[in-house]
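All of the numbers you see were taken from the coordinates with simple rules; none came from a lab. As the structure is a prediction and not an experimental result, all values here were calculated from the model. Here Cβ is always computed from backbone atoms with ideal geometry, including for glycine, and neighbour counts include all displayed protein chains.
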Amino acid sequence: MASTILPLELVDRCIGSSIWVLMKNEREFVGTLMGFDDYVNMVLKDVKEYEVTAEGITETPLGQTLLNGNNIAMVRHTSAPSPYRSTGI
């Protein structure tokens, strides 16, 4: 029988690792997860925001950032930052 893992346990395993976060408004962030709470509000460091424009993909460094858990659509553990929506993968 496969063991069950809860969502917060999975996020907890990502602390100190690089993650990619897709927000409900389609904004994308890549950074190192420093911590989170029961509402999945997240603190990330070394954050970069990715935005798709007519000229291509824009990358904006943000430093340390707090993301509101109510607006997070998806989180992915990543060792190489490459948001799939921006790159078309």
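Points to keep in mind about this one:
- Taking every Cα-Cα distance in segment 7-80 and sorting them into 10 Å bins from zero, the calculated P(r) comes out as 21, 57, 19, 3 percent.
- Dipole in debye (nearest 20) - the chain, about Cα centre, beta carbon charges: Lys, Arg +1; Asp, Glu -1: 140
- Local electrostatic count, residue 37, Cβ distance below 15 Å [Lys/Arg +1, Asp/Glu -1]: -3
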